[in-house]
Structure formats: structure tokens, C-alpha cells
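What follows is a short report on a single structure.
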Amino acid sequence: MTSLDSLDGIAMAKRRGRRLEDTPHTQAYREMLAAVRGFQNAVVQANPSPEELAQMTASLQEMQAMLEAQAVPEVERWYGRGGGRDGKLQLVTPQLRIDVVEEDRIQAHTVAEEFYIGMNGAMHGGIVAAIFDALLGRMASGAQGRVCRTAYLTTNYRAITPLNERLDLVAKVESVERRKRFVSGQLWHGDTLCAEADALFVELLPGHQ
Ligand SMILES: CCCCC/C=C\C/C=C\C/C=C\C/C=C\CCCC(=O)SCCNC(=O)CCNC(=O)[C@H](O)C(C)(C)COP(=O)(O)OP(=O)(O)OC[C@H]1O[C@@H](n2cnc3c(N)ncnc32)[C@H](O)[C@@H]1OP(=O)(O)O
């Protein structure tokens, strides 16, 4: 099964936007994803010996085969679902911790690990944009869980975004016109504004993918 087995976008988002229930089985999945995060961080920092590389490649290929044997259609996957206190079960961005949710404003924070490096200690710019996409998308979605897609997202990089340090984020709804939500966001390191973004999210209609 692949992601090509798509459903109506609203039906898909309603299924996948829900928090994953807590069972010993899903807890084990959360722990595995946390281990993958740790692994990613270790991968980018190490230059292993040829023998170690061969050993790790064989282990990884074995784990990949185990996962492939358990693949399920997108609509049934745990990956990408809400994970509660620890944020979404995903690996694309550092985990966003949502601190305050209001009707037109969200406050959040994150710490980006070494995996998200661009160069010279700075976060990769694409990751900064992906963080804004996730946060501003959550803002556009609102308490009602509107299903929206990003029409555009403009990111301005004002200062280096550091890794391994607390980053504070804020998102605001600037205006609403019919299905369109214009949303802005800022990413701060202490008193330094690292990046800001403006985005348009358009609410999907029934039948849209
Ligand atoms: C299954 C999808 C669900 C996605 C969300 C997932 C889970 C939800 C769960 C929880 C929510 C929590 C967090 C959300 C987290 C992340 C959100 C990330 C979302 C994404 O990362 S998603 C990937 C990137 N995204 C795309 O892959 C979009 C590709 N695209 C399209 O799918 C269409 O393009 C669409 C739908 C955008 C519009 O299409 P459409 O047919 O519905 O509407 P139409 O074209 O008529 O536009 C209506 C009005 O918007 C204006 N308009 C449109 N585009 C504009 C632009 N670029 N600039 C200026 N104005 C624009 C028009 O001018 C018109 O304006 P007016 O009403 O004034 O005439």
C-alpha cells in the first residue's frame, strides 16, 4: 500500500487528525519513533569505521524489511497522528509543544536537535519553513478542526535559528475571507527574532483531495 491510495481530504484529515489512543502497543510505537529521532541525531554527527558501517547497514536493512512486512494504507497509519503531550508522531520537524491555544493565536515552543542542521550550527531553512507550515496550519485549522491546505507560505529569515536551544513560536490569524485564512508566525530565540512567516490556508471543499 502506498500514499497513492487517497481518500476525500476531509475524511482523511478527520481520521488522521485525531490523537492516537494510548495502549501498550501504541506506546511501544511512540518509543520506537523516539529511538528513530535519537538515531537520526547520532547519524548526522558520527563518522563510523567501515566495519561499523557494514554492521549498521545490515541491521537497518533487516529493520526495514520488518517494517515493510507490516505496511498499512495511509488512513490506518499511526505515523502523523496526534501524540498528546509529546506532539505529533512525526519526524519531519522538531517536536512542537503547544503552550497556549486561543481562537486567533497560538503560542508554542520547540528544541531542534542536531538532525535539523543546515550548516555552521544553524537550522536548515527548509525545516524553519516546515515548522511554520505545521504551526500556521494548526492555527488555520482552529478549534473546529477545519481541514485546510497551504496555498502559499513566505518565510523571512532574520537571524540564524540555533539548534539545541529553546525556540518560542507564535502564530496569529490576521484575517479571514470566505474559505481563506491569512495567518502569520514568528520564531524567537530569547529576544532575537530568527524568522517570520505569512501564509494563506484554504479550507477544503467536500470531494477535494
Ligand atoms: C488531506 C489534507 C489535510 C491537510 C491537513 C492535515 C491534517 C489536519 C489535521 C490537523 C490540523 C493540524 C495541523 C495542520 C498541519 C499542517 C498543515 C499542512 C498543510 C499542507 O502542507 S498541505 C501541502 C501543501 N499544499 C498543497 O499541496 C496545496 C495545493 N493546492 C491546492 O490544493 C489548491 O490550490 C487549494 C486547496 C490551496 C485551493 O484550491 P481550491 O480549488 O480549493 O480553491 P481556489 O483555487 O478556488 O482558491 C480559493 C481562494 O483562494 C485563493 N488562492 C488559492 N491559492 C492561492 C495562492 N497561492 N495565492 C493567493 N490566493 C490563492 C483563490 O484566488 C481563491 O480566492 P477567492 O475566494 O477570493 O476567489
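The values are calculated or read from the model by the stated rules, or taken from the named source; none is laboratory data. Being a predicted model, the structure only gives us computed values, none of them experimental. Every residue, glycine as well, gets a Cβ built from its backbone with ideal geometry; the counts of neighbours run over all protein chains shown.
Among the residues of region 64-76, what is the count of those that are in contact (Cβ under 8 Å) with a residue 12 or more places away in the chain and surrounded by fewer than 16 Cβ atoms within 10 Å (Cβ to Cβ)?
The first filter runs over region 64-76 and keeps only residues in contact (Cβ under 8 Å) with a residue 12 or more places away in the chain, leaving 71-75.
Cutting the leftovers down to surrounded by fewer than 16 Cβ atoms within 10 Å (Cβ to Cβ) gives us 71-73, 75.
Total meeting the criteria: 4.
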Per the list (1) modelled with pLDDT of 95 or more; (2) small (Gly, Ala, Ser); (3) assigned to a loop (DSSP other than H, G, I, E, B), residue check on Ser6 breaks on (1)
Within region 101-209, considering only strands (runs of 3 or more DSSP E) that don't extend past its boundaries, which have at least 1 residues that are over 15 Å from the mean Cα position of the chain (by Cα), near the ligand (Cβ under 9 Å from one of its atoms) and without any contact (Cβ under 8 Å) to a residue 40 or more places away in the chain?
166-177, 180-189
Of (1) over 16 Å from the mean Cα position of the chain (by Cα); (2) assigned to a helix (DSSP H, G or I); (3) away from the ligand (no atom under 14 Å from the Cβ), Val75 fails just (3)
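What are the residues in region 182-209 that are under 12 Å from Arg158 (Cα atoms) and hydrophobic (A, V, I, L, M, F, W, C), if any? Step through it out loud before you land on a result.
Taking region 182-209 and keeping what is under 12 Å from Arg158 (Cα atoms), we get 186-189, 192-197.
Within region 182-209, Leu187, Trp188, Leu193, Cys194, Ala195, Ala197 meet the criteria.
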